[in-house]
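Please treat every number below as a calculation from the coordinates, not as lab data. This is a predicted model, so every value here is computed, not measured. Glycine also receives a Cβ, built like all others from the backbone with ideal geometry; neighbour counts cover every protein chain displayed.
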Amino acid sequence: MLQKNSDIMKSSQNRAIITVVGTDQVGIIARVSMALSNQNVNILDISQTILQDFFTMIMIVDLENAKISLQELQVILKENGEAIGVQINAQHEDIFKFMHRI
């Protein structure tokens, strides 16, 4: 079944890309997931890997039912990252796509 153009646009308008990078340790995924859950942000997709001692993760999240704005979420994630010694960034999906196009 094909999605309508309005459905595709709607999903893109309400999604963000979250990246997490830092030294591996217990609880990174739990901390980020809890911060998102507390703001009613749904995780749509997640990929994580450990390269030697370095933890890397990328998430696609749905902001449609979020309790806060993307800008407020960015602050919360940055503070959570600083508390555990990792860097967490969140960008609107459209900005992420624009920055990473060829």
Next on the checklist: Need the full-extension length gain, I84 to S47, defined as separation in residues times 0.36 nm minus the C-alpha distance. One decimal, nm.
Outcome noted: 11.4 nm
Checklist outcome for this item: With label points set 7 Å from each Cα along the Cα-to-Cβ direction at V26 and Q13, the distance between them in nm comes to 4.5 nm
Checklist entry - Using alpha-carbon pairs under 8 Å, 6+ residues apart, how would you state the relative contact order of segment 14-99 in percent? => result 43 percent
Checklist outcome for this item: Once S69 and N38 are pulled to full extension, the length gained, defined as 0.36 nm per residue separation minus their Cα-Cα distance, is 9.8 nm
